[in-house]
């Protein structure tokens, strides 16, 4: 509630500031001279007072009521706009006053003397600051504002007490940008936390992205200013936290990037460097030179580079002197022919490489293993991802093994926690991953045909997607590892996947299995009812050769079962043994079985069902009332795409049903639309009926 209290105090104070400005004599005099209606000003004052009166209540209710939160957001936007308009009016009033003084000066015959010139400030922009702008307000007030922004505890009394200063004497939300840009207090001591820089033509635009003084508005960007070039960053010597620089293609002079001296900004922890995607005609050498000059301080711990157009990376990327580097993301650097030498970064935990269309091989350079290297590469790596590398054909094994075209061994990485890659890998028999928790493999050619589970004793999640030649999940002969950490198994679009390990899959904590579009799969893991006691969700989709459930049936704790277009399984539905699944709550059946004309059979389903969906039975003509009578817990029933279904059961539906949804069943819809006679009484008790 501390955040809410601070937010309420800030907005309430800002409302009062705007109210006072509306009531100021300068504003009122100016409006009267322009023949504007006093009644409108009075109405604005009343509206501001009304909003302030309910602000405390609104701040509390916005947490649970989205409509109230939206009202507050709109109020903030409106107050900001009002403040900007008042700034413009105040400027215009001041200009008129100064013009009047100037006229009087001429009439009185006064002359200008050096050092005594009164300069009229340039008008403030609503979305940007000019390079030179006057800052109105006392230095002590500015310091108080900065103290609030720098405070680690947003609820401190020091922070709240200075809030009414904001907006007074010309210090509005736009002027804060001027303060940040020009004021020496900021340049020397202000701790900037989250900034983004973009370039348009030859101009630099600063955008504040933080958790800030007037709370974060509905749009991410709070304020901005324009400077002449990237060199403006030189003036912000004490940047800390995250810095993002966008549109680097608009930096035309490498010298400008040199003068930024990111290497001197030792308090930066996260750096994002972005070129605009699609500028393929850019000078590739210039891109590399710009990146060369944007070398950060060695304290940096996170680096992201996007849409870089160079053919290689500068030497600083991957230098072992970056001893604090924890995360590196390189995305869409499609002209690079090699990867930087990242293996010797001692603390690197996360490495994500995406869309390198020019990389043919991952070789020794990637490991950074020069002749003098003693430490093994990637010794702290926990997450590794290679995505969208269509030309990648070779992966040199660090241990000195040979290059194998189109078949690459995954390198040893004992600390690896998460691995995401395409299927161009082969898991060597001597590789063991004791810390790996998440494995995601997508795509690939003829390299990955079996996944040996004993290599991954700590796996929590396995995802295999579009692995065209994957045939099995396997274990070595005589080995039946207990995958005690495994909670999720998903296999999609693996057309040659045939089998699970012989003897079953021993995973006592596995809670969810999804198998989809595996056209050759004939059977589920053996002994599911005993080896998978924690399984609660089973989804089987588009597996036409899958014949039945394993002997012994499904685990007794199963809660959700979805069978979609597995027609052989549906044909043997009387063997399912669902009556004993006393935890089963949700059942979804999709089928284009032409032989099914009546469904469901008596005693086919357990009485615990709460949600039941029957979809796409092309020849289904009737619903078996005896199959529904014992479903006394059923709450939601959906019937869809059953074009020959004529009516609901003669015996009626369970009285427990509160929601009935019928769609694309033309004959059944016609029956329901009649709304007369005893037939309609069969569903009249259901409070929520939807017929499409």
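Sort out for me the Cα centre separation of the stretch 266-309 from the stretch 639-657, rounded to whole Å.
Here the answer is 62 Å between Cα centres.
Cα-based Rg (one decimal) and Dmax (whole number) for the stretch 273-350, in Å?
When restricted to the Cα atoms of the stretch 273-350, Rg and Dmax are 12.3, 37 Å.
Where a ≥ b ≥ c are the square roots of the eigenvalues of the C-alpha gyration tensor, would you call the stretch 528-570 rounded, which needs a/c under 1.5, or, failing that, prolate if a/b is larger than b/c, or oblate? Intermediate results must be reported in sequence, preceding the final value.
Numbers: a/c = 2.90, a/b = 1.63, b/c = 1.78.
Oblate, since a/c reaches 1.5 and b/c is not below a/b.
Per the Kirkwood formula on distinct C-alpha pairs, the Rh of the stretch 555-692 is how many angstrom? Walk me through the numbers on the way to the answer.
Details: mean 1/r = 0.0662 Å⁻¹.
For the stretch 555-692, inverting the mean 1/r across all distinct Cα pairs yields 15.1 Å.
Taking neighbour Cβ counts within 10 Å as the exposure measure, how do 238, 417 sort from fewest upward?
On the way: 238 14, 417 18.
Ranked by crowding around the Cβ, least crowded first: 238, 417.
Neighbour counts of other C-beta atoms within 10 Å: give me 81, 329 arranged from fewest to most. Before the final figure, lay out each step's value.
On the way: 81 11, 329 16.
The order, fewest Cβ neighbours first, is 81, 329.
Assuming a ≥ b ≥ c are the square roots of the Cα gyration tensor eigenvalues, decide whether the stretch 489-647 counts as rounded (a/c under 1.5), prolate (otherwise, with a/b larger than b/c) or oblate. Present the calculation step by step, with values, prior to reporting the outcome.
On the way: a/c = 2.10, a/b = 1.37, b/c = 1.53.
Cα axes put the stretch 489-647 in the oblate bin.
How would you classify the stretch 449-581 from its alpha-carbon gyration tensor, with a ≥ b ≥ c the square roots of the eigenvalues: rounded for a/c under 1.5, else prolate if a/b is greater than b/c, otherwise oblate?
Numbers: a/c = 1.67, a/b = 1.17, b/c = 1.42.
It is oblate, given that a/c is not under 1.5 and a/b is not larger than b/c.
Say R0 is 60 Å: what FRET efficiency, to the nearest 0.05, do residue 595 and residue 311 get from their beta-carbon distance? Write out the running numbers ahead of the final one.
On the way: r = 62 Å, r/R0 = 1.04.
Taking R0 as 60 Å, the efficiency between residue 595 and residue 311 is 0.45.
Please check which bits of the stretch 242-277 a label hung off residue 298 would reach, taking the label as a point 7 Å along Cα-to-C-beta and the cut-off as backbone N under 19 Å.
261-271
A short reminder: the numbers here are calculations on the coordinates, not readings from a lab. Remember, it's a predicted structure, so these values are computed and weren't measured experimentally. In this analysis, Cβ positions are derived from the backbone assuming ideal geometry, glycine residues included, and neighbour counts consider all displayed protein chains.
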